[in-house]
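Colleague: I'd like to ask some things about the structure below.
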């Protein structure tokens, strides 16, 4: 009787695995192809217009584009190979095991820090206070970016030390060998830095920015570039909430139920859901271009930039001369 139950459970697990495998694989390819194409178009846009040279928020977006590309090409690509095609290079190469996730985490942490910085910058640019608006400074932004990259690199040094390729029961596994560091990454890094903290920060400053935007036009006006970058930052905030919200909820569930005794079927289902949620969490790195496209001005400038790049068509913008000639006596 128990043999029949085990057989039915095994069959149910296999059916669930096949049911989750293809949606996760399709989602991964959509995010990878769409994200790489979108980030390349972002790079073309920022380079052609050069807004990142005069606007701090644009500079954060420009640097994030390269970080997002790295995450998609190294993180998402290897995840697709591992989950969809059973090709896991971390189980084949010790150096790749020790470095792959560490460098990906540095990029992830830097990306979310820059998203927080751009949401704060959008808040400052939209503030009715002149003193607050002056805090948005393009001269300070490069130092903040460099400090962010250096800080997260130092933060990930223990990972390069404790992560290793080991043989457990005759099976190679790429795991963290220090239990304290495992708990630190589970409770603080994944639940805090990657999910909860960015969501709280961008939600607060996004809400305050929206409040400021409602008063603009009554009390004062913004330049077209400033208004565009604020809108782009707000659209990106929405994307982070959409993609990171479910992953945050799932991470909380796993931590809350970590001490619960689970049967084989439940563990298998949770592992599959976790794999799908991990793939889904790559959305913020693939969606920035499509969020920016919600800005009408961005779309027009992108079309002009592509025409100049592909067709060699240079569009000259002609501004009307509103000054009147005066007769001097």
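Colleague: What pairs come up if the first residue lies in the stretch 137-163 and is part of a loop (DSSP other than H, G, I, E, B), the second is surrounded by fewer than 14 Cβ atoms within 10 Å (Cβ to Cβ), and their beta carbons are under 9 Å apart, counting only those six or more places apart or on different chains?
Modeller: 138/53; 138/54
Listed here are the residues, each with its yes/no results for (1) under 23 Å from residue 32 (Cβ atoms); (2) in contact with a helix residue (DSSP H, G or I) (Cβ under 6 Å, 6 or more places away or on another chain).
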| position | (1), (2) |
| --- | --- |
| 223 | no, no |
| 230 | no, yes |
| 236 | yes, yes |
| 307 | no, no |
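Colleague: So residue 252 passes all but one of these: (1) part of a helix (DSSP H, G or I); (2) surrounded by 14 or more Cβ atoms within 10 Å (Cβ to Cβ). Which condition number does it fail?
Modeller: Result: residue 252 fails condition (2) only.
Colleague: Okay, next question. Pull up the stretch 190-209, narrow it to residues that are under 15 Å from residue 108 (Cα atoms) and in contact with a helix residue (DSSP H, G or I) (Cβ under 7 Å, 6 or more places away or on another chain), then point me to the one that is surrounded by the most Cβ atoms within 10 Å (Cβ to Cβ).
Modeller: Among those residues, the one meeting the criterion is 198.
Colleague: Given the criterion modelled with pLDDT under 90 and either loosely packed, with under 15 Cβ neighbours inside 10 Å or in contact with a helix residue (DSSP H, G or I) (Cβ under 9 Å, 6 or more places away or on another chain) (or both), identify the matching residue among 102, 75, 84.
Modeller: Every option except 84 fails the conditions.
Colleague: Continuing with this model, one more query. Within the stretch 45-69, can you find the residues that are surrounded by fewer than 19 Cβ atoms within 10 Å (Cβ to Cβ) and under 19 Å from residue 31 (Cα atoms)?
Modeller: 66
Colleague: Output the residues belonging to the stretch 198-224 that are free of Cβ contacts under 8 Å to residues at least 60 places away in the same chain and in a helix (DSSP H, G or I).
Modeller: Scanning the stretch 198-224 gives 199, 200, 203, 204, 207, 210, 211, 214.
The values are calculated or read from the model by the stated rules, or taken from the named source; none is laboratory data. Everything numeric in this text was worked out from a predicted model, so none of it was measured. Every residue, glycine among them, receives a Cβ derived from its backbone with ideal geometry; neighbour counts consider all protein chains shown.
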